[in-house]
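Report on the structure given below.
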Amino acid sequence: MTLHLKSNVSGIISLIVISRILILPIFFLLILYEYKIPALLLLLVVLSTDYLDGYLVKKLNLKPMFSFYLDPVSDFIFILISFYAFVIKGIYPLSVLFIILLMFIQFVLSSGFRNPIYDPVGKYYGIFLFLIIGITILLEKYYDLIIVGIIIFSIISVSSRIVFFSNIKKLNK
């Protein structure tokens with residue numbers, strides 16, 4: 001693939017990623033006003049574009065146009081704002097937002113502000129949270145169980161990251 005074509009495709013991928021942030025206010029309002037079906041459909045669009053941009057970057061062996069963090073940051077913003085809507089509605093306590101924020105901070109800090117490093121469990125954490133958003137929209141109960149699930153998955157993810165980096169340090173010695 002020529003450099004010019006790679007640049008154009010990379011720009012399109014970046015626009016796909018940014019589009020998730022741009023549709024977030026609509027999604028936020030759909031959650032607040034309990035338009036469940038449109039919210040679920042929009043969530044499916046978000047998940048589809050998240051899969052598509054990741055697939056294209058890997059398939060075409062591209063480097064992201066703006067930053068290696070554009071995709072995870074847009075996912076983080078989408079997830080955080082979605083859970084903020086649930087907090088406003090009284091579904092989840094504010095502490096859930098702090099857990100999500102702390103998980104993202106540890107991801108960025110442990111990656112060293114360079115190309116994001118995904119450990120075996122942590123790479124599924126975002127997918128898990130997207131699924132929780134969908135489940136929360138669909139269900140009208142079991143929220144306490146969902147909170148426990150978020151806490152458990154967060155602990156497992158952090159533990160996996162610690163083990164992952166410990167193993168890398170051992171290999172580098």
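The values are calculated or read from the model by the stated rules, or taken from the named source; none is laboratory data. This structure is a prediction, so every number in the text was calculated from the model and none was measured. Using ideal geometry, Cβ is built from the backbone for each residue, glycine included, and neighbour counts are taken over all protein chains shown.
Looking only at residues of region 100-130 that are small (Gly, Ala, Ser) and assigned to a helix (DSSP H, G or I), we find that the one that is farthest from ILE155 (Cα to Cα) is SER111. Within region 109-136, the set of residues being touching a Pro at 6+ places or on another chain (Cβ under 8 Å) and either modelled with pLDDT of 95 or more or not small (Gly, Ala, Ser) (or both) comprises PRO116 only. Picking from residues in region 88-98 that are exposed (fewer than 15 other Cβ atoms within 10 Å of the Cβ) and part of a helix (DSSP H, G or I), the one that is nearest to the chain's Cα centre (by Cα) is PHE98.
The residue that is surrounded by the most Cβ atoms within 10 Å (Cβ to Cβ), counting only those in region 99-130 that are under 19 Å from ALA85 (Cα atoms) and β-branched (Val, Ile, Thr), is ILE100.
Take the residues in region 152-161 that are surrounded by 13 or more Cβ atoms within 10 Å (Cβ to Cβ) and of a type in the set (A, V, I, L, M, F, W, C); name whichever of them is farthest from SER110 (Cα to Cα). Taking the candidates together, the pick is PHE153.
Scanning region 23-44 for residues that are under 15 Å from the mean Cα position of the chain (by Cα) and within 9 Å of ILE137 (Cβ to Cβ) turns up just one, LEU43.
Here the condition is being assigned to a helix (DSSP H, G or I), crowded, with 16+ Cβ neighbours inside 10 Å and touching a Lys or Arg at 6+ places or on another chain (Cβ under 6 Å); of ILE133, ILE137, it holds for ILE137 alone.
PHE78 fulfils the conditions (1) in contact (Cβ under 8 Å) with a residue 24 or more places away in the chain; (2) surrounded by fewer than 18 Cβ atoms within 10 Å (Cβ to Cβ); (3) in a helix (DSSP H, G or I) except for a single criterion, (2). For TYR142, the requirement of being under 21 Å from ILE16 (Cβ atoms) and either surrounded by fewer than 13 Cβ atoms within 10 Å (Cβ to Cβ) or within 17 Å of the chain's Cα centre (by Cα) (or both) is not met. Just one of the listed residues (SER14, SER10, SER67, SER19) is over 26 Å from SER157 (Cβ atoms), of a type outside the set (A, V, I, L, M, F, W, C), at pLDDT below 90 and under 19 Å from the mean Cα position of the chain (by Cα), namely SER14. When each of LEU42, LEU22 is tested for being without any contact (Cβ under 8 Å) to a residue 24 or more places away in the chain and crowded, with 17+ Cβ neighbours inside 10 Å, the lone residue that passes is LEU42.
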